[in-house]
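Notes follow once the structure below has been shown.
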Amino acid sequence: MDHKQLESIETYARERMAELGVYGWPHVERVYRLAMHISEFEGEQGLDLDALKAAALLHDIAKSLQERNRGVNHGKMGAEMAENFLKSMDFGEDKISIVYNAIRAHNKGEKPLSLEAKILCDADFLDKLGAVGVATVFIKACLTKRTIEEVAEMFTKEPTETSSVGKHLRWLKEKPRLYTKTGRRLAKRRSKLTQLFFRGIEDELKLIRLRQNFI
């Protein structure tokens, strides 16, 4: 894939994600970088880097459609949109097939069949974890008028809430199903950061409560 093709794919993806916030273009950039990082350690099995780059850039192009209509599955819809777009630029049938499955699989629409799809699945989920994941939780909390104390309490309890905050806290706490060795290694590191952060918050909130008891 030459630079012009890559630029065209990026432009197409950017235009379809302009309306999104928390999972907008910055999310795609992070997933792209994670996918490239994982590929450096997992690519010895004949990885198609062009297909992986395209899938990472295009994986959320139908997200805004899902935001407007909850009946839309952005993985399935996005795969069809990506397939049509890539055909229009003569991307290559084999590569398009890899991209199609990777985008459908990244939000559990189907099983990832290729190494490229597995890397994309891992990269997308890893962006929900660690420091970035914690920051995203608190953005969601602000948008839904949740306090720091409420989020901290939710984290210490068994996660049952179906809200966007509750769902993301489950992602932070549960052991993820990742497909690559590199992905699992990165997830372990990010999980440690998450635990450390919430222990720190709990310690600080306990100090505040202790002071209040003495007043």
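The values are calculated or read from the model by the stated rules, or taken from the named source; none is laboratory data. Everything numeric here is computed off the predicted structure, so don't read it as measured data. Positions of Cβ are generated from backbone atoms using ideal geometry, with glycine treated the same way; all protein chains shown enter the neighbour counts.
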Item checked: Residue among GLU204, GLU158 that alone is assigned to a loop (DSSP other than H, G, I, E, B), exposed (fewer than 13 other Cβ atoms within 10 Å of the Cβ), of a type in the set (Asp, Glu) and not assigned by TED's automatic domain parsing to the domain that holds ASP60 -> GLU158
Notebook entry, point to check: Within the bounds of region 5-21, is there any residue that is more than 21 Å from LEU115 (Cα to Cα) and either in contact with a strand residue (DSSP E or B) (Cβ under 7 Å, 6 or more places away or on another chain) or among the basic types (Lys, Arg) (or both)?
Noted result: yes
Note to self: Among the residues of region 171-196, what is the count of those that are modelled with pLDDT of 90 or more and in a helix (DSSP H, G or I)?
What the structure shows: 17
Next item on the list: May I ask you to list the residues in region 96-140 that are aromatic (Phe, Trp, Tyr) and touching a Pro at 6+ places or on another chain (Cβ under 9 Å)?
Entry: PHE125
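In a helix (DSSP H, G or I), in contact with a Phe, Trp or Tyr (Cβ under 9 Å, 6 or more places away or on another chain), of a type outside the set (Lys, Arg) and closer than 30 Å to ILE96 by Cβ: which single residue out of ALA123, ALA131 fits that description?
ALA123
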Next item on the list: Kindly provide the set of residues from region 103-154 that are of a type in the set (Val, Ile, Thr), more than 20 Å from LEU86 (Cα to Cα) and without any contact (Cβ under 8 Å) to a residue 60 or more places away in the chain, ordered by number.
Entry: VAL137, THR144, THR147, ILE148, VAL151
Next item on the list: Take region 62-89 and flag every residue that is part of a helix (DSSP H, G or I), within 19 Å of the chain's Cα centre (by Cα) and more than 26 Å from ASP2 (Cβ to Cβ).
Entry: LYS63, SER64, LEU65, GLN66, GLU67, HIS74, GLY75, LYS76, MET77
Checklist line | Test result for ARG146, surrounded by 15 or more Cβ atoms within 10 Å (Cβ to Cβ) and either not in a loop (DSSP other than H, G, I, E, B) or not assigned by TED's automatic domain parsing to the domain that holds GLU42 (or both) | finding: yes
Notebook entry, point to check: surrounded by 17 or more Cβ atoms within 10 Å (Cβ to Cβ), more than 24 Å from PRO176 (Cα to Cα), outside the structural domain of LYS140 (by TED's automatic domain parsing) and in contact (Cβ under 8 Å) with a residue 60 or more places away in the chain - does that describe any residue in region 38-45?
Noted result: no
Next item on the list: Assess whether GLU83 counts as being at pLDDT below 95, in contact with a helix residue (DSSP H, G or I) (Cβ under 8 Å, 6 or more places away or on another chain) and farther than 30 Å from ASP203 by Cβ.
Entry: no
Check: Just checking, how many residues over region 94-112 are over 16 Å from ALA35 (Cα atoms) and not in a helix (DSSP H, G or I)?
Finding: 4
Next item on the list: Tally the residues that are of a type in the set (S, T, N, Q) and either in contact (Cβ under 8 Å) with a residue 12 or more places away in the chain or touching a Pro at 6+ places or on another chain (Cβ under 7 Å) (or both), restricting the search to region 60-81.
Entry: 2
Note to self: Any residue that is farther than 13 Å from ILE119 by Cβ, out of contact with any strand residue (DSSP E or B) (no Cβ under 9 Å at 6 or more places or on another chain) and assigned to a helix (DSSP H, G or I) - is there at least one of those in region 52-61?
What the structure shows: yes
Margin query: Let me spell it out: the conditions are (1) among the hydrophobic types (A, V, I, L, M, F, W, C); (2) more than 15 Å from the chain's Cα centre (by Cα); (3) modelled with pLDDT of 95 or more, and MET36 meets all of them except one. Which number is the exception?
Written below: (2)
